[in-house]
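S.K.: Structure provided below as C-alpha cells; questions to follow.
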Amino acid sequence: MKEHIKARLQGLMAYLDDSTVEVRERIFVLLSLIALSGIVLALVAGIIIGENPESLAFTFLGFVIFATIVYLGYRLRKLSAAAIVAAAFTIFVTQPLNFIPSGGVYGGAALWWLFSLLYVGMILKGKTRVFFFTAAAVIVSGCWYLQYTNPKLVIEHERDAVFADSLGSLVIVCVLLMILICFQAWLYEKENVRVEEQRKQIEDLNAAQSSLFSSLSHEIRTPINTIIGLNEMILRENASEEINEDAENIKVAGTMLLHLINDILDMSKLESGQMELDVHSYRTGEMLSEIVGMFWLRAHEKGLDFRVEIAPDMPSELSGDEIRIRQILINVINNAIKYTPAGSVKLSVQMERIEGNRVKIIYTVADTGIGIRKESISHLFDAFSRADGEGTRYIEGTGLGLSIVKQLVELMGGKVSVNSIYTKGSTFVIEIPQYVVDAQVMEDIVIERRKNPSRRSSYRQSFEAPEAKVLTVDDTEANLLVVEKLLRDTKVQMTVARSGAEALKATLDTAFDVIFMDHMMPEMDGIECMHRIREQTGGMSREARIVALTANAGGANAALYEKEGFDGYIVKPISGKELENELCRLLPRTLVTFTGTDDAIIEDSIVRTNEHRKKSMVAITTESVADLPMEVKKKFGIEVIPYRIVTETGVFKDGEDLQTLGTLAYLGSGRKAYSIPPTAEEYERFFAGALESANNVVHLAQSSKVRQSGCEAALFAASSFDNVFVIDSKQLSGGLTLLALEACRLAREGRGTAYITEWISAMRGKVHSSFVVDNIDYLVSQYEIRPVLSKIAKAFMLHPILYINDGRLRLYGVRMGSIRSTAKHYIASAFPMPQTIDKSMLLIVYAGLDIDELEWIKNQVARRIPFEQVILQCASPAIAVNSGPGAFGLLYRTL
C-alpha cells in the first residue's frame, strides 16, 4: 500500500515538473488537490466543532462533485475545460449555497471566498477570468446584502461555533496559501534553472557555430586562394589567346564561387545573430570610386549607360561599416546591370541630416531593366527567392543577395525599399544612418578605366623594391607559392616559412621589413607567432611590419587583429593588386621605386558633384480634379496627374489639351462629355516620374466613394513602389487642394511619410466642402444624381445644394427660385458654426461665372466670416463636366 501511494506521489511530482505540460494546467491540478485537501480539513473541523448537519452534508457533496470534475479532466486530458467547469461550480454553486448553512458573514465564508477567487484567478486567463471575477463580485455582494436585509435566512452559529469556525477556516486557508506559494516558488525556480540551461545550450551552440563558420571560411578560401592567385599569374604571362580565354573563364568562375561562399556564410551568420558590424571612418569618395570602377567597364561592355549622381553636400568622410556598405551597393548594382538588357543604370547618393553629426545617407540604384512583377515584390527579399523565374532562368545567381542586403541594412539601423514597373525597370532605395567625420564636401569620383578594353588583362607592377626583405609564413605550400609569384615582379627578396617555428628561426637572423603571417596554423597559430617575433630575444625582426593573412572575414576578426597588434590584414583569396598595395603601404619609402602608371590607364572623373540636383525627401502629388491654382503648383512643386475628358470628337487631357471655358462652351452646344480617371499604368508612369526628383511620394487621390474616382487605380499602381503612399482624401475639387497645401507644409518642415499620411488622414474630417449647382442635368449624366430627381427639380425650379460627407456626395437641401436667391441662401447656411472655422483661408471653386458674380459671392461671404485670404479658382474641365456652368463651392477648414 505504501509503495502504491509512494508511486502515485512520484507520478504527481513528475507531472508537476513536466515542462511539456502548460504551466496553467499544472497549477490547476495542484490547486485542485490543495482545494480538495482544504475541504477534507474543513469537514473534519466541522465535525469537531459540531457544525450543523446540513452544512457538513453540503460540504461533502461539493467535495465529491469537485473531485469528479478534476479527475475526469485529468483522465480525459481536458484540463482547460475542467478548469472552467470547476470555476463555475465554485463560484455559482459551492460558495453561494454554503454561505447560508455555514453562518454567512459570521462564519468562515469571507476566507473561503478569498481562496476561491485566488483559485479562479490562477487557473483561468483572459476574458474567461474577467467574467468569473465579475460574476464572483456580484454574487458576493448579493450574499452579503441578503444576510444584511434578511438575517433570518442564514443559519446562525453559536458564539463558540463562530469563533471556532472562523479560526479553523483561517488556519486551513493560511496553510493552503502557504502550500500554494511554496509550489509557485518551486515552479519558478525549476523554470529558471531550465531557462538557464537552455541559455547555456544556445551560447554553446552559437560558439560551435562561430567555430564552424571560421573553419569553413578557412578551409574553403584556402584552395580558392590558390586557384585565383595562380590563375592571375597565367593572365600576366604572354600566353596564347586560347590560354588567356580559359584563364579569364577560370577567373570569372572563381569569383562567382567566392561570392556564393560569402553569401552562404553571411546568410548563416545573419540568421544566427553572429554578424557583427565593423564601424570606422572611411573616405566617401574613395569607396564610391572603387565601387563605380568595378562596374563601369562591365556596364559599357553590355552597352549600358552607367551614370552616377552625387549630392553637392556629400561629406568627404563618414563613420560606418564600409565593408558592409560596399557589399550592399555591389549586390544591388550587380543585380541592376545583370537584369538590364538595354538602357541605363544610375547610382544616386545624397544625404539627409538627422541631428548633430548624425546623418542618413540615401543610395538609389535605378535601372531600365526587366522590372519586377507586383506579386513578386513581397517575396523579393526572401532567401533563395528570385523574381520572375521564366525571365531570369538563364541569369546566374543564388537568390541570396537581396536577402543579405535587407538584413545588413536593417542591422545598421536603415531600410531598403524597391519601386518597380514590370518590363520598365526598378529602383532600389537604401537608407543607412551614419556619422559625419569630416564635413568638407566630398571630392569627385575618380576611377581607372581602359581606353581600349580587351578581354585580356595587361599587368604591370606598381613599384619595385629589390632591397626589401619580405617573409611569408603559411602552412600551405600552395599559398606560399601564390604570394611568392604575385610579388615576383616587384623584385623583393622573398623568404618563406612553413610553420611558426620556421618563422622564428628566420627572424632570429634576418631583419625583415614586412612579414605576411597566416592566422590559422597547426601547433603555433599566427597570433602567437607574431607575439613571439615581437618579444624574441636577439631577434632581428622585432620592428617588422606584420600583416595577417586570413580566410576569416568579418568585423570581429578585423578588431581582433587590430587588438593583437597586427599592422594590417588581407582576406583570402588574395589579389595581386591588394597584396602590392599593402606591401607598398608598409615598406619604408626609401626602399620603394614607383614604376608609374600604364599609358592605357587614365583617371576619369565620372561626375561633378555640383551637377547633381538634390532630390527632395518627400514629394506631394495629386490629381487634376484637385483644382490647384497654377501658382500654388509652381510654388510647392506639386505634380498633378490629369484626368481625361471624353467628348464626341475625341479624348483630351484635363487642363492640358482642354480648358474649362472651352469645355463649358462645348457642353452649351448640347453635346455631351464626361471625365475618366487615369489607368493604373498611367499612375505607375506618373509615380515613377515623381520618384526621379524625390525619395518618397505622398499622393492625394480623389475620394474613392465618388464615381469615376482614380483612387483604386492609384492604390493598385502604388503596390509596385515601396516609396509611394496613396491617401484616399475622401474629398474632391478644392477639398483636395486644402489637403495638398497642408501636406506640402508638413513636407517642407521635414516630416516623414508616416507622419504626413497620419496627419492628413486625421485632417480629412476637418475639411468642409459644399457646392450649389444651377443645372442638375450634368450630375445626372455622371450618375451622381438619379434622373427622376432631375425631372422634379426642373418642374419646380429647384437648385440642389450638395456637400461631401465621409467621401460621398450627398444632397444637403434644395432651394426653389432663381440661382441668385439659392446662392444667397447657400452662403448663409455654409458656415453653421463660425467659432469652429479656420479663418486663414477660404477657397471658392467655380465654373462659368463672370467677375461680377464672383465679387458678389465674395461680398456675401465677407458679411458673415472675415477670412484672411479668399482664393478664387476656376474648376478643372473634369469637374466642370459634372457641375455645369453657374456652379460654385465654398471650401474651408475647421479647427
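S.K.: Does at least one position in the range 684-693 carry a residue that is in contact with a Ser or Thr (Cβ under 7 Å, 6 or more places away or on another chain), assigned to a strand (DSSP E or B) and closer than 30 Å to S348 by Cα?
M.R.: No: the range 684-693 contains no residue that is in contact with a Ser or Thr (Cβ under 7 Å, 6 or more places away or on another chain), assigned to a strand (DSSP E or B) and closer than 30 Å to S348 by Cα.
S.K.: Among I250, I228, I243, which is the only one that is outside any strand (DSSP E or B), over 30 Å from the mean Cα position of the chain (by Cα), more than 18 Å from G576 (Cα to Cα) and at pLDDT 75 or above?
M.R.: I243
S.K.: Next up: Only residues in the range 534-545 that are under 12 Å from T510 (Cα atoms) count as the first member; pair them with residues that are open to solvent by less than 100 Å² (accessible area, probe 1.4 Å) and in a loop (DSSP other than H, G, I, E, B), Cβ under 6 angstrom, at least 6 apart or cross-chain, and list the lot.
M.R.: Close Cβ pairs satisfying both conditions: M540/T510; M540/A511; S541/A511; S541/F512; A544/F512.
S.K.: While we're looking at this one, here's another question. How about the range 848-879: which of its residues are closer than 14 Å to L628 by Cα and open to solvent by less than 20 Å² (accessible area, probe 1.4 Å)?
M.R.: Selection gives A875, S876, P877, A878.
S.K.: Scan the range 470-516 residue by residue and report those that are part of a strand (DSSP E or B) and either surrounded by fewer than 20 Cβ atoms within 10 Å (Cβ to Cβ) or at positive phi (or both).
M.R.: Q493, M494, T495, V496
S.K.: In the range 258-289, what residues are modelled with pLDDT of 80 or more and over 23 Å from the mean Cα position of the chain (by Cα)?
M.R.: Of everything in the range 258-289, those that are modelled with pLDDT of 80 or more and over 23 Å from the mean Cα position of the chain (by Cα) turn out to be H280, S281, Y282, R283, T284, G285, E286, M287, L288, S289.
S.K.: On the given criteria, is V93 assigned to a helix (DSSP H, G or I), at pLDDT 75 or above, open to solvent by less than 60 Å² (accessible area, probe 1.4 Å) and not polar (S, T, N, Q)?
M.R.: Taking the combined requirement at face value, the residue satisfies it.
Okay, residues lined up against (1) modelled with pLDDT of 90 or more; (2) part of a strand (DSSP E or B); (3) under 25 Å from E682 (Cα atoms):
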| residue | (1), (2), (3) |
| --- | --- |
| L380 | no, no, yes |
| E390 | no, no, no |
| I404 | no, no, no |
| Q407 | no, no, no |
| E431 | yes, yes, no |
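S.K.: Kindly indicate whether S883 is buried (at least 20 other Cβ atoms within 10 Å of the Cβ), under 43 Å from the mean Cα position of the chain (by Cα) and modelled with pLDDT under 90.
M.R.: no
S.K.: Filter the range 519-543 for residues that are at pLDDT 90 or above and surrounded by 23 or more Cβ atoms within 10 Å (Cβ to Cβ); which is farthest from N262 (Cα to Cα)?
M.R.: S541
S.K.: Report, by residue number, each residue of the range 627-645 that is outside any loop (DSSP other than H, G, I, E, B) and surrounded by 14 or more Cβ atoms within 10 Å (Cβ to Cβ).
M.R.: V632, K633, F636, E639, V640, I641, R644, I645
S.K.: Next up: For a quick check of your reading: which strands (runs of 3 or more DSSP E) sit entirely within the range 745-820 and have at least 2 residues that are at pLDDT 85 or above and open to solvent by 50 Å² or more (accessible area, probe 1.4 Å)?
M.R.: Those strands (runs of 3 or more DSSP E) span 798-805.
S.K.: I've got another one for you. Every residue in the range 300-336 that is closer than 17 Å to S426 by Cβ, hydrophobic (A, V, I, L, M, F, W, C) and crowded, with 19+ Cβ neighbours inside 10 Å, please.
M.R.: Result: L304, F306, I328, L329, V332, I333, A336.
S.K.: Name the single residue, out of those in the range 587-623 being assigned to a helix (DSSP H, G or I) and surrounded by fewer than 18 Cβ atoms within 10 Å (Cβ to Cβ), that is modelled with the highest pLDDT.
M.R.: Residue satisfying both the conditions and the ranking: L591.
S.K.: Which residue pairs have Cβ atoms under 6 Å apart, sit 6 or more places apart or on different chains, and have a first residue in the range 130-147 that is closer than 13 Å to G104 by Cα and at pLDDT below 85 and a second that is among the β-branched types (V, I, T) and outside any helix (DSSP H, G or I)?
M.R.: Q147/V154
S.K.: Determine whether A823 is open to solvent by less than 20 Å² (accessible area, probe 1.4 Å) and assigned to a helix (DSSP H, G or I).
M.R.: Answer is yes for this residue.
S.K.: Also, I was wondering about something else. What is the number of the single condition among (1) open to solvent by less than 10 Å² (accessible area, probe 1.4 Å); (2) modelled with pLDDT of 90 or more that S675 does not meet?
M.R.: Just one mismatch for S675, condition (2).
S.K.: Moving to a separate point now. Check D654 against each of (1) open to solvent by less than 20 Å² (accessible area, probe 1.4 Å); (2) among the acidic types (D, E); (3) closer than 12 Å to A619 by Cβ and name the one condition it does not meet.
M.R.: With (1) open to solvent by less than 20 Å² (accessible area, probe 1.4 Å); (2) among the acidic types (D, E); (3) closer than 12 Å to A619 by Cβ applied to D654, the lone miss is (3).
The values are calculated or read from the model by the stated rules, or taken from the named source; none is laboratory data. Model, not experiment: these values are computed from the prediction. So basically every Cβ, Gly included, is an ideal-geometry build from the backbone, and we count neighbours across all protein chains shown. Only protein heavy atoms, including side chains, enter the accessible area calculation; ligands, DNA and RNA are left aside. Shrake-Rupley method; radii C 1.70, N 1.55, O 1.52, S 1.80 Å.
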